[in-house]
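Have a look at the structure below before the remarks.
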Amino acid sequence: MIETLLLFVVSLLIVVVVHEIGHFIVSKRSGIEVEEFGIGMPPRLFGRVWKGTMYSINALPVGAFVRSKAEDDSSAEGSLASKSPWIRFAVYAAGPAFNIVLAFLLFTAFFGLPQDLVLSDGILVYGVQAESAAEEAGLLPGDIIVEADGQSMTKWDDLQFVFSDADSDEYVDLLLRRDGGNEIAATVSPRYSETLGRNVIGITLGRNIVTSVTPGSAAQQGGIQTGDTLVGIGKQGLFNEASVYDALDSIELEAPAVFTLLRDGEVYVIEFTQHPADPETLGLHLLWVPNTRVESTPTPVMTAVGSSLSFMVNMPAMIVASIPLMKEDPSVAFVGPIGAGQLTVEAVEAFGISNLLFIGALISLGIALFNLFPVPPLDGGGMLVAFIEGVRKGRRLSPRAIRVAYSIGTALLITLVVFITTSDILRLIEGRGFGI
């Protein structure tokens, strides 16, 4: 946990430093005199002057800053305020822009990580819908689809790939394995689903299926039935027999074993107080697809780039869709550094250290979007003032109006920071998490 928090602090510092680098580069290229570029907040530990700018490392690792010459004095040559509205607009916009680029790079790195895929010698039919194409073709729960149109089925997507190329009146030849080894040929005609927007045959896939339950056993008394599928034990998902034993071994001996199962599309949970050595001890007999294993496969660079762009483009729609959840519990929707640190710890514990890339990208994108709000003293506020003055062909807004806007905006931001920080602290005190 301590290591994760330290990594989060470093990640947050990098995100803020990149933001300030954006301001710094555009300021320098625009002829603005930058007196200091600092990493961390004062007091200063050490620094060095190079080409008229002090580059400093400061004691508090909670941010970074760019200090320009007489920033608000338009009469001072080389100051930010002395530049044209559009140059000032570019300087203010550079910080969020650099954060967006950083988010894209981090998302691309995350989506480009090798993917763990569950592969097997066939795919298991868990359920068959009534009056579906699969039922008409004679498919049964427990069948293993070995081939489709002559192509070996090793993962679930393989079957959909075959169906996606089939016309509505075209038949697909299937090779099934039934009752432990008998091979059966079947022919099915996929039907287009308006709801799903793709061809389907009316089956549900699974990793296993309960073939029998011993009469009078703990499994039967718990309510498990033939045809159910076991999807998890404790917090671990299952994909083969070995994963079952791994999940059982991870449970403390005095702790109950919590089985999560699926029946007719409904999830239900059964708790066994007596720690079982294996499912058979409970009277539970399962059929698994042969040779099911997890293999790590590389992700093509362009696929990662496409996934990153798609995620970022869809981010506004996801934010809009989550508004009802934000209204329901604002303490989870709006977080500050403390809440982001807690979220990072939970995400890393649940999904692994690689999720630091994803969390870092979200933080960078969040900082960009937050700073684009047209409220002084945020970058968006400076952009708004510069834009208005640019449209007015350089005529400045009155200093008094700008001071009033900055005072109101600062008060609003302080109120928001106090609210979010208090919410983050209360969440920790009450022991609440983000449900990861």
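Structural remarks
- Dipole-positive endmost among S68, I420, F358 within the chain (Cβ charges, Cα centre): S68
- Accessible area per residue was computed with a 1.4 Å probe on protein heavy atoms; H19 scores about 10 Å².
- Of A148, F370, L384, farthest towards positive along the dipole that unit charges on Lys, Arg, Asp, Glu beta carbons give the chain: L384
- Förster-model FRET efficiency, 30 Å R0, Y192 and K327, C-beta, rounded to 0.05: 0.20
- Placing W288, W86, W156 in order of accessible area, with the largest value first and a 1.4 Å probe, yields W86, W156, W288.
- Taking Cα atoms only, the orientation of helix 399-429 departs from the longest principal axis of the chain by about 40 degrees.
- Computed from point charges on the beta carbon alone (+1 for Lys and Arg, -1 for Asp and Glu), the dipole magnitude for the chain about its Cα centre is near 3520 Debye.
- Anchor K235: aspartates and glutamates whose Cα lies under 15 Å away (excluding residues fewer than 8 positions away in-chain): D246, D249, E252, E271, E346, E349
- Computed over all pairs of different Cα atoms, the Kirkwood value for the hydrodynamic radius of the range 118-224 is 14.7 Å.
- Ranked by the mean number of other Cβ atoms within 10 Å of their residues, highest first, the peptides 214-223, 357-366 come out as 357-366, 214-223.
- The chain: angle of helix 355-371 to the longest principal axis, Cα-based, in degrees nearest 10: 40
- Taken over the range 230-306, the percentage of Cα pairs per 5 Å bin, counting from 0 up to the bin with the maximum distance, is 3, 13, 21, 22, 13, 9, 7, 6, 4, 2, 0.
- Which labelled figure in (1) 128; (2) 203; (3) 170 is volume of the Cα convex hull per residue in Å³, once derived from the coordinates: (2)
- The distance between label points at H275 and L60 comes to 4.9 nm (points 7 Å beyond Cα on the Cα→Cβ vector).
- Tail beyond 18 Å, pair distance distribution of the range 1-97 (Cα, percent): 50
- Using a probe of 1.4 Å on the protein chains alone, the accessible area found for E135 is around 90 Å².
- Computed label-point distance, nm, for sites Q220 and L428 using a 7 Å Cα→Cβ extension: 5.4
- Taking every lysine pair in the range 1-159 that is 8 or more places apart or spans two chains, those with Cα atoms closer than 23 Å amount to 6.
- Top positive-direction residue, dipole computed over the chain with Cβ charges, set S11, F239, N199: S11
- Dipole magnitude of the range 67-203, debye to nearest 20 (Cβ charges: Lys/Arg +1, Asp/Glu -1, about Cα centre): 1140
- Ellipticity estimate at 222 nm from DSSP helix runs (n ≥ 4, -39,500 (n - 2.57)) divided over the chain, nearest 500: -14000 deg cm²/dmol
- The range 165-230 - convex hull of the alpha-carbon atoms, volume per residue in Å³: 122
- Take the Cα radius of gyration of the range 289-388 and divide it by 2.2 N^0.38 Å, N being the number of residues; the result is 1.43.
- Accessible area expressed per residue, the chain, with surrounding protein chains retained (probe 1.4 Å, Å²): 54
- Accessible-area order (highest first, 1.4 angstrom probe) of the listed residues L80, L175, L253: L253, L175, L80
- When each of the peptides 94-105, 412-423 is scored by the mean number of other C-beta atoms lying within 10 Å of its residues, the order from highest to lowest reads 94-105, 412-423.
- Residue-level accessible surface for K28, protein heavy atoms, 1.4 Å, Å²: 80
- Ranking S354, S79 from most to least accessible surface, computed with a 1.4 Å probe over the protein chains only, gives S354, S79.
- Across the range 13-155 the C-alpha pair distances fall into 10 Å bins from zero in the proportions 10, 24, 19, 9, 7, 10, 13, 7, 0 percent.
- Percent of beta bridges antiparallel (DSSP, the chain, rounded to nearest 5): 95
The values are calculated or read from the model by the stated rules, or taken from the named source; none is laboratory data. Small disclaimer: the values here were computed from a predicted structure and weren't measured. Note that each Cβ is placed from the backbone with ideal geometry, even for glycine, and that neighbours are counted across all protein chains shown. Surface accessibility is based on the protein's heavy atoms, side chains included, excluding ligands, DNA and RNA. Shrake-Rupley method; radii C 1.70, N 1.55, O 1.52, S 1.80 Å.
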